[in-house]
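Working notes for the structure below.
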Amino acid sequence: MEFHPEWVDWTIEQPVEMINRLLPTPLPQGVLLIARSCNFVFLFTWFEPLVLRLNWTRGMAWIALRIAPFVFENFLSLDGQVYERIIFFVVSSGAQVLVLHGWRSRPWMCLVGVMLAFTAIGFVKMIPRELQNRFGWLGFVALMVIYSVPLIYGTRLLRPEERAPFASWIWPFPNRG
């Protein structure tokens, strides 16, 4: 992801600079990288809970789980390790299944979406490097669209009488007895 216009960096650097003025020891540079990654992913995912019509709790969990793989990628600096990246994204989408459980039909479509996005990465990598550096964010948007198609068209919002009780996404299996 090479998309970092100046205003996105400014929205992160200004608060970090203000916090560093108040602290006796400045925050490590890794905090800035993680904050930048969170901000970047949030810019492209903030609307997903609205489109999926999730409630407040599920929406916050959804956004946190969408951002988590990118944070772990920066935190563990997995630059060339493709399989570890795939594991983070699959585990995150597996946790998203729990968020959708009891709220939308076929919550497992998150896993289908992440697999389609990983398949599409091969096509995005075929784009020449100079175009990737200039328009890389368009590839990211395309991957987000590919990820969301199974969620939007493969699931439906459950009617209130079909929904599971509050916090059912924590444990998806009903009590039997």
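Residue count for the stretch 128-163 under the criterion of being part of a loop (DSSP other than H, G, I, E, B), surrounded by 14 or more Cβ atoms within 10 Å (Cβ to Cβ) and either modelled with pLDDT under 85 or not aliphatic (A, V, I, L, M) (or both): the result is 2.
Contact map, the stretch 116-127: residues that are crowded, with 16+ Cβ neighbours inside 10 Å paired with residues that are among the polar types (S, T, N, Q), Cβ distance under 9 Å, separation 6+ or inter-chain. Pairs shown: Val124/Gln132.
Scanning the stretch 98-115 for residues that are of a type in the set (A, V, I, L, M, F, W, C) and without any contact (Cβ under 8 Å) to a residue 40 or more places away in the chain yields a total of 4. Looking across the stretch 39-56, the residues that are surrounded by 13 or more Cβ atoms within 10 Å (Cβ to Cβ) and among the β-branched types (Val, Ile, Thr) come down to Val41, Thr45. Of the helices (runs of 4 or more DSSP H) lying entirely inside the stretch 4-72, those containing at least 1 residues that are closer than 30 Å to Gly154 by Cβ and without any contact (Cβ under 8 Å) to a residue 24 or more places away in the chain are 48-51.
The values are calculated or read from the model by the stated rules, or taken from the named source; none is laboratory data. Note that the coordinates shown come from a computational prediction; the quantities given were computed from them, not determined experimentally. Cβ atoms come from the backbone with ideal geometry, glycine included; neighbour counts cover every protein chain shown.
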